[in-house]
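I have placed the structure first, in the form of structure tokens, so that the comments after it can refer back to it.
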Amino acid sequence: MVTKSRLHVPKTPARPGDAPDFSYLELSAAGVVKRPETSARVRDMQSLSDELVRVLDDKHQPVGPWNPRLDSPELQIALRHMLLTRVFDDRLQRIQRSGKISFYMRSLGEEAVSVAMAMALQPGDMLFPSYRNQGLHVVRGRPIVDLMCQCLSNTRDMCKGRQLPVMYHWREGRIFSISGNLATQFPQAVGWAMAAAIKGQDDIAVSWLGEGSSAEADFHHALLFASVYKAPVILNVVNNQWAISTFQGHAGGERRSFAARGPGYGIAGLRVDGNDFLAVYAVTQWAAERARTGHGPTLIEHVTYRAAAHSTSDDPARYRPKEDYQGWPLGDPIERLKGHLIALGEWSEERHAALTAELEAHVAASWKEAVSHGTLTEPPRLDPHLMFEDVFKEMPPHLRKQEAELRAELERG
Amino acid sequence: MAQRNMIHALNSAMDIMLGRDPSVVVLGEDVGYFGGVFRCTEGLQRKYGEHRVLDTPIAEGGIIAAAIGMAVNGLRPVAEIQFADYIYPGYDQIVSELARLRYRSAGEFFAPVTVRTPSGGGIRGGQTHSQSPEALFAHVAGLKVVMPSNPYDAKGLLIASIEDDDPVIFFEPKRIYNGPFDGEPDKPAVPWSAHPKGEVPDGHYTVPIGKAEIVRSGNDLTIVTYGTMVHVSEATARKLGLDAEIIDVRTMVPLDSDTICSSVARTGRCVIVHEATRFAGFGAELSATIQEECFWNLQAPIMRVAGWDTPYPHAFEWEYFPGQARVAKALKTVMEPA
């Protein structure tokens, strides 16, 4: 018999018109995954890259060795950060629809990834985000009006009008500039961590990308350099199942988890329920301690779901079932933390509604303030000469000349 | 003061900067224990340790990205890309990240990375060890682009590059690492010790980025060139008995167009000489700039001498290389009376 090789094309489980199908997902029950010592050898903990660390069970109770045992005030802060992120996203989405900003990207359904990680890290740790990590800014205390001004490219825009909406940065808050090109931040975070180790700093670097971007060479450079130099870094693959219209199988997730890329490079690989705040918090603590104590990097795969469109320029109804998210087996991160707090007797639907209303009012007031500094189309506007600044530290002659040409052009009007 | 070839001059620059500034690190393929395939980093790891002079995996994209991250964390990395022909896996990190980080973050973040890379042909390197890709970097907003033509400038410009807060792509014309080369491969090699620019001070000094140098004053015409071709141009003009003014561009970005244009305005004739391919090469930028500034002073069309618009062929090295014959033809053409 002659066997012929046949090109395999990864199958997308459900397209428009199909019923949601998440039978491909390998889940572990809450509490069953072992928690190794943070100094454990990679080869002794490889199963962690195939299992799924979960803490909250179906009855909203935290179970198992990964329970970070956070107290109720801390959990309420977490809920507040996640809810603010969502309310902010909702508002900016609607504002984009009204034409006031050009573009927006929501993190709907993925709020726990940024919020839990930022809360579990130290203020000195340097964050290298992707474009769906707005929760990092929220946790680190950036006034949301600053984020809005960036989205508006107005006179208070931290980027001076040079970046698409959501490409924030915040030096003081130790949050790196978002490129807009995918995955480039991953090996940069490793370089930052290498420098921290060279200088003997205790701070670690943390970076995020989507499972789709993990196909880029930069992802592999990051893992390789992190492994070779045992860099104090946490590398996160946010597996939200979708890279615009392309299912995660096309990024290589069909046969093996993304976390399993870690052990292949000699790096600890953890797979975590990305919608379980407590589980994300716990694995972050574990990986941060591992990095800080000189035991090297960790690759974490957050299993989550991109509940929103990729961006305001995208329409997911064209490539996935409309009700896909309703079938997602890991639920919603805010609902799950809320359920946990209610089960603890520390929260209620009424308090939740009141908090939502408070945050909506805060976001509305911030928006009002933000637009007072101008919009992309309404005054006050940024001075166009700003486009010539910061190309270099000092403006070289050819740019001074071009700046003068523009001034003359604008004066002639 | 000591006689140094370009390799020793570059080594001295890194040695001095590693010694003066604890934030300086050197990284690249084979740069550590071995001291680099061209020996530019020889002895530095032994002297400054494995944390300051790092051997890296063969991943140019990773090298540049790691250097960027290090720079954001306060280091001043000098990254070696073993051959300019290997730089392309790092091109995205250079173009999209290194060049634009200061801009996109409105000055909050920047990465003072120097990327050193040997370039150019004349060493029987075939199409993967001979390229001159400087135009690909000069075209990118946010990068400084430098190419020295002698040991004195190499050391001074490399120190200036490492001290610069902007990213610098530093091309090293490897054909003249060991001695100046006049374009005639069959003649015995000449060492740098026979050349005045082989005199290199021991200590710290800089050659400013953004300043061209008039290496020979003259009245007949202006030759604008850089790297190896400075020496080929000098030899050719001498043989033709021309009183040429020869300008070594040294820095492509920022370009010292004042020095170049005031010379051409005076001589009225100009030949641009580089090793890189001609089409959309850096010579086109030079020619356009000079034409815009000096059109009414020109007595002849500006000529360009360059490598042919083909990949660099192994077997036809000297038919490809823009040697004295090609330079001479252009010089004679621009000297023809109007």
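The values are calculated or read from the model by the stated rules, or taken from the named source; none is laboratory data. Keep in mind that what you see is a predicted model, and the values were worked out from it rather than measured. Using ideal geometry, Cβ is built from the backbone for each residue, glycine included, and neighbour counts are taken over all protein chains shown. Protein only, heavy atoms only, side chains kept; ligands, DNA and RNA dropped before computing areas. Shrake-Rupley method; radii C 1.70, N 1.55, O 1.52, S 1.80 Å.
Things to note:
- Test: residue in the stretch A:346-362 that is open to solvent by less than 50 Å² (accessible area, probe 1.4 Å), in contact (Cβ under 8 Å) with a residue 60 or more places away in the chain, farther than 30 Å from A:Leu182 by Cβ and not in a helix (DSSP H, G or I): yes
- Residue count for the stretch A:372-387, restricted to those that are assigned to a helix (DSSP H, G or I) and either over 30 Å from B:Glu97 (Cβ atoms) or open to solvent by 100 Å² or more (accessible area, probe 1.4 Å) (or both): 0.
- Some residue of the stretch B:110-127 being open to solvent by 20 Å² or more (accessible area, probe 1.4 Å), more than 11 Å from chain A (Cβ to nearest Cβ), small (Gly, Ala, Ser) and not in a helix (DSSP H, G or I): no
- Number of positions in the stretch A:181-196 that are more than 8 Å from chain B (Cβ to nearest Cβ) and either more than 15 Å from A:Asn133 (Cβ to Cβ) or surrounded by fewer than 24 Cβ atoms within 10 Å (Cβ to Cβ) (or both): 1
- Beta carbons closer than 6 Å, at least 6 apart along the sequence or on distinct chains, pair a first residue in the stretch B:14-41 that is under 16 Å from B:Gly156 (Cβ atoms) with a second that is open to solvent by 50 Å² or more (accessible area, probe 1.4 Å) for B:Ile16/B:His204.
- Among residues of the stretch A:207-221, those that are among the aliphatic types (A, V, I, L, M) and closer than 14 Å to B:Pro89 by Cβ, counted: 1
- Filter pass, A:Gly135 being more than 8 Å from every other protein chain (Cβ to nearest Cβ) and surrounded by fewer than 24 Cβ atoms within 10 Å (Cβ to Cβ): no
- Candidates are the residues of the stretch B:46-73 that are more than 7 Å from chain A (Cβ to nearest Cβ) and of a type in the set (Gly, Ala, Ser); the one that is nearest to A:Arg174 (Cα to Cα) is B:Ala71.
- Counting residues in the stretch A:208-215 that are crowded, with 20+ Cβ neighbours inside 10 Å, touching a Phe, Trp or Tyr at 6+ places or on another chain (Cβ under 8 Å), at the interface with chain B (Cβ under 10 Å from one of its Cβ atoms) and modelled with pLDDT of 95 or more gives zero.
- Scanning the stretch A:316-348 for residues that are over 20 Å from the mean Cα position of the chain (by Cα) and among the β-branched types (Val, Ile, Thr) turns up just one, A:Ile342.
Here's the yes/no breakdown for (1) over 21 Å from B:Ile123 (Cβ atoms); (2) open to solvent by less than 40 Å² (accessible area, probe 1.4 Å):
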residue: B:Phe171; (1), (2): no, yes
residue: B:Asp182; (1), (2): no, yes
residue: B:Pro185; (1), (2): no, no
residue: B:Pro196; (1), (2): yes, no
residue: B:Val207; (1), (2): yes, yes
residue: B:Asp220; (1), (2): yes, no
residue: B:Glu245; (1), (2): yes, yes
residue: B:Val264; (1), (2): yes, yes
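- Residues located in the stretch A:388-401, provided they are more than 9 Å from every other protein chain (Cβ to nearest Cβ) and either surrounded by 14 or more Cβ atoms within 10 Å (Cβ to Cβ) or not basic (Lys, Arg) (or both): A:Phe388, A:Met395
- Looking at the stretch A:192-293, the helices (runs of 4 or more DSSP H) lying wholly inside it that each contain 1 or more residues that are closer than 19 Å to A:Phe176 by Cα and out of contact with any Lys or Arg (no Cβ under 7 Å at 6 or more places or on another chain) sit at A:217-228, A:277-292.
- Verdict on A:Arg94 being more than 17 Å from A:Ala287 (Cβ to Cβ), at pLDDT 95 or above and not in a helix (DSSP H, G or I): no
- Number of the condition not met by A:Asp203 [criteria: (1) within 11 Å of chain B (Cβ to nearest Cβ); (2) more than 29 Å from B:Val78 (Cβ to Cβ)]: (2)
- All conditions in (1) within 14 Å of chain B (Cβ to nearest Cβ); (2) in contact (Cβ under 8 Å) with a residue 24 or more places away in the chain; (3) open to solvent by less than 10 Å² (accessible area, probe 1.4 Å); (4) not β-branched (Val, Ile, Thr) hold for A:Gly124, with the sole exception of (3).
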